[in-house]
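First the structure, in the form of structure tokens, and then the observations on it.
The values are calculated or read from the model by the stated rules, or taken from the named source; none is laboratory data. Computed from a predicted model, the values in this text were never measured in an experiment. Every residue, glycine as well, gets a Cβ built from its backbone with ideal geometry; the counts of neighbours run over all protein chains shown.
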Amino acid sequence: MDVADDIWLDADGYPLLTGPVFLIGFMGAGKSTLGPLVARHLDVPFNDLDQEIQIQTGVQLQQLFRRGEEKFREVEFRVLQKILQHQPDETEKILQTGTWSRSKIISLGGGTPCRPGRMEWLNSQGLTVFLNVSTDELVRRLQNQAEHRPKLQGLTPSQLRQRIEELMEERMPYYRQAALVISEDQLDAYRLCTQIRSYSAPPTVPRPDYRN
Ligand code: S3P
């Protein structure tokens with residue numbers, strides 16, 4: 001049998017994604033903005049972990065964070081596990097092409113992968129995609145949004161840059177373990193889709209290497 005006979009294609013003729021895709025990266029990297037657009041394009045469900053935490057706990061993220069970061073990280077991980085277990089009928093619908101997918105796009109929080117063992121676990125569960133945005137661009141995007149983010153509140157502009165640099169240094173060793181690293185400040189949903197699809201292409205097709 002031809003290898004290609006084994007590969008299910010989506011409505012656009014690309015190999016069907018078979019598992020969850022985790023978007024990871026720093027606050028402001030575009031995970032929550034690009035995630036739903038990519039999910040719509042690929043016709044798979046979308047979950048935003050931060051939103052899901054608030055829905056499931058009934059508590060605002062900032063309030064939850066005030067109870068201590070360790071507690072927040074525990075809740076965050078439990079909610080993520082629940083998202084992965086949940087397989088609504090919708091995701092099993094037979095597509096027009098006669099195929100079906102258990103895939104979904106999940107935007108994680110900036111700190112979700114940054115615990116010992118967490119990247120290994122995420123890589124065993126699905127495809128991890130690191131949206132690697134430059135510090136200059138993160139500072140630009142976050143300067144008006146810092147007040148809503150517990151890790152960045154109450155900082156002057158120069159303190160904000162310093163905090164971002166410090167956190168990035170701590171987090172890079174985790175983020176860099178992603179299967180797919182995309183270093184682009186102006187990434188759009190179309191290009192992100194293309195890169196996810198290329199990565200998920202059959203093994204007979206060489207995978208592009210986006211690491212640098
Ligand atoms: C955090 C990032 C936030 C949120 C929480 C903590 C972090 O998510 O989970 O405020 O530690 O980087 P976003 O990356 O979606 O802003």
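Some observations on this one:
- Conditions (1) in a loop (DSSP other than H, G, I, E, B); (2) farther than 21 Å from residue 75 by Cβ; number of the one not met by residue 109: (2)
- Here residue 161 fits the description: in contact with a helix residue (DSSP H, G or I) (Cβ under 9 Å, 6 or more places away or on another chain), farther than 15 Å from residue 29 by Cβ, within 16 Å of the ligand (Cβ to nearest atom) and among the basic types (Lys, Arg).
- Some residue of region 146-159 being at pLDDT below 95 and among the hydroxyl-bearing types (Ser, Thr, Tyr): yes
- Subset of region 26-44 [of a type in the set (A, V, I, L, M) and either assigned to a helix (DSSP H, G or I) or more than 10 Å from the ligand (Cβ to nearest atom) (or both)]: 34, 37, 38, 39, 42, 44
- Residue in region 9-25 that is modelled with pLDDT of 95 or more and assigned to a loop (DSSP other than H, G, I, E, B) present: yes
Yes or no, residue by residue, for (1) crowded, with 18+ Cβ neighbours inside 10 Å; (2) at negative phi; (3) at pLDDT 95 or above; (4) under 17 Å from the mean Cα position of the chain (by Cα):
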position	(1), (2), (3), (4)
76	yes, yes, yes, yes
86	no, yes, no, no
94	no, yes, no, no
97	no, yes, no, no
101	yes, yes, no, no
116	no, yes, yes, no
119	yes, yes, yes, yes
123	no, yes, yes, yes
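- Contact map, region 105-132: first residue within 11 Å of the ligand (Cβ to nearest atom), second residue in a loop (DSSP other than H, G, I, E, B), Cβ cut-off under 6 Å, separation 6 or more or different chains; pairs are 110/26; 110/27; 131/25; 131/29; 131/30.
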